[in-house]
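Trainee: Structure incoming, see below.
The values are calculated or read from the model by the stated rules, or taken from the named source; none is laboratory data. This one's a predicted model, so the numbers in the text were calculated from it and none came from an experiment. Here Cβ is always computed from backbone atoms with ideal geometry, including for glycine, and neighbour counts include all displayed protein chains. Remember, those area values only see protein heavy atoms, side chains included, never the ligands or the DNA or RNA. Shrake-Rupley method; radii C 1.70, N 1.55, O 1.52, S 1.80 Å.
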Amino acid sequence: MEVQRKREETKTGLIMEGGAMRGMFTSGVIDVLMEHDIRFDGAVGVSAGAVFGCNYKSHQIGRALRYNKRFCRDRRYSSFWSLLTTGDLYGAEFCYHEIPEKLDVFDTKTFRENPMEFYVVCTDVQTGKPVYHKLSEGGREDIEWMRASASMPIVSHVVKIGKYHLLDGGIADSIPVKYFEEIGYNRNVVILTQPLDFQKEANKLLPVARVVLKQYPNVIDALADRHVRYNETTAYIREEEQEGRIFVIRPPEALNIGRMEKNPAELERVYQIGRRAAERDLERLQKFLVSYDRRG
């Protein structure tokens, strides 16, 4: 009975960092996990980790790679033309409506019926604090939350949803491992898109952000010390990983891919690095997920 009680208390979580097209690494990882029927009680994605990671809940293996390769050279998808004509580097209507509703349909039925909880992280530009939001339906409003999570400052409109004014979740909480621990997920897998020795530096575009976002001083403050909080979080993750309390899948070296990568071969390259990393770690990951709650 005691063993059964411990197992019931264990909640497995998947945490997915953002990073624009470094997210192709995450896509490769999660496709391998889905192919091996590895399931989680909950998942949380930030920015690209949200817009690509949502395919875990809809169980659409290969979808993120497929539409990125198909549309990466389409100026409606991501381009300076889109930025100049719409105010968004990644075209909001094309990326978040035309693609998921018509061109590479997002499976809202499977998303809705999958019992795995799925959260996204956004930044409230009025407070500079993270907003954690659970998505359940996969419809238009949920897609708007994903868009907000991935709306990079300076090159995106602020996304208004209800009482919130939102931008990229990575500003306030790039890797929400502590949040997931706080809400009860005690056996977590973290997918990072930077290598082990990576240290984030201060934002070089902060002077531009001070002009573009001058009406939101709290988000400017969050941008100013984002690198400090990011490095503290990765240090915490390394410590927990060494103690066997967190399982991390990360690229072996810098992925060196552009935020608006236009070469399908480069997208494929980074995706395959993710697949290899997941395949390499698969046996250890499976053992980690079936082990008992560390607090049991």
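Trainee: Report the extension gain between residue 59 and residue 74 in nm, rounded to one decimal, defined as 0.36 nm multiplied by the number of residues separating them, less their alpha carbon distance.
Mentor: 2.8 nm
Trainee: Rounded to the nearest 20 Debye, what is the dipole magnitude of the stretch 89-157 about its Cα centre when Lys and Arg each give +1 and Asp and Glu each give -1 at the C-beta?
Mentor: Using Cβ point charges on Lys, Arg, Asp and Glu, the stretch 89-157 gives about 180 debye.
Trainee: For each pair in 129/262; 57/204; 11/109; 57/102; 163/214; 11/262, compute the distance between the two Cα atoms and list the pairs where it is over 30 Å.
Mentor: 129/262; 57/204; 11/262
Trainee: Within the accessible area of the stretch 69-183, what % is carbon and sulfur when the probe is 1.4 Å and the other protein chains stay in place?
Mentor: 50
Trainee: Once you put a point 7 Å from the Cα of residue 66 and another 7 Å from the Cα of residue 212, both along the Cβ direction, what distance in nm separates them?
Mentor: 3.3
Trainee: Can you tell me the convex hull volume per residue for the chain, based on C-alpha atoms, in Å³ to the nearest whole number?
Mentor: About 124 Å³ per residue, rounded to a whole number.
Trainee: With the cut-off at 1.5 for a/c, could you classify the stretch 82-218 from its C-alpha gyration tensor as rounded, prolate or oblate?
Mentor: Oblate shape, in that a/c is at least 1.5 and b/c is the bigger or equal ratio.
Trainee: Provide the gained length on full extension for the span residue 113 to residue 183, in nm with one decimal, where the gain is 0.36 nm per separating residue minus the Cα-Cα distance.
Mentor: 23.0 nm is the gain from fully extending residue 113 to residue 183.
Trainee: Right, something else. Tell me, how many Å apart are the Cα centres for the stretch 200-272 and for the stretch 158-176?
Mentor: About 15 Å separates the Cα centre of the stretch 200-272 from the one of the stretch 158-176.
Trainee: In nm, give the distance between the simple-model label positions of residue 238 and residue 126, each being 7 Å from the Cα along the Cα-to-Cβ direction.
Mentor: The modelled label-to-label distance comes out at 3.9 nm.
Trainee: May I pose another question? Relative to the longest principal Cα axis of the chain, at what angle does helix 23-35 sit, 0 to 90 degrees, rounded to 10?
Mentor: 40
Trainee: I'd like to know which of 211, 21, 291 lies farthest towards the positive end of the charge dipole of the chain, counting +1 on Cβ of Lys and Arg and -1 on Cβ of Asp and Glu.
Mentor: 211
Trainee: Still on this structure: Sequence-distant or interchain residues sharing an amide H contact under 5 Å with residue 161, placed H: which?
Mentor: For residue 161, the qualifying residues are 166.
Trainee: Okay, next question. Cα axis of helix 264-290 to longest principal axis of the chain: angle in degrees, 0 to 90, nearest 10?
Mentor: 30
Trainee: Given the options 118, 100, 278, identify the residue whose Cα lies farthest towards the positive end of the charge dipole of the chain (+1 on Cβ of Lys, Arg; -1 on Cβ of Asp, Glu).
Mentor: Of the listed residues, the answer is 100.
Trainee: How large is ³J(HN,Hα) for each residue in the stretch 168-177, as worked out from phi by the Karplus curve 6.51 cos²θ - 1.76 cosθ + 1.60 (θ = phi - 60°), to whole Hz, x for Gly and Pro?
Mentor: Each residue of the stretch 168-177 in turn: 2, x, x, 4, 9, 7, 5, 9, x, 5 Hz.
Trainee: Using the crude model of +1 on Lys and Arg Cβ and -1 on Asp and Glu Cβ, and no other charge, please compute the dipole size for the stretch 213-296 relative to its Cα centre, in debye to 20.
Mentor: Using only the charged Cβ atoms, the result is roughly 140 debye.
Trainee: Can I ask one more? Considering amide H positions built from the backbone, and no H for Pro or chain starts, which residues 5 or more places from residue 14, or on another chain, come under 5 Å of its amide H?
Mentor: Those qualifying (amide H under 5 Å, at least 5 residues apart or on another chain) are 42, 43, 44, 189.
Trainee: Right, another one. Taking a probe of 1.4 Å, how large is the accessible area per residue of the stretch 149-296, in Å²?
Mentor: The answer is 50 Å² per residue.
Trainee: Using unit Cβ charges (K, R positive; D, E negative) and no other charged atoms, how large, in debye to the nearest 20, is the dipole of the stretch 1-91 about its Cα centre?
Mentor: The dipole magnitude comes to about 360 debye.
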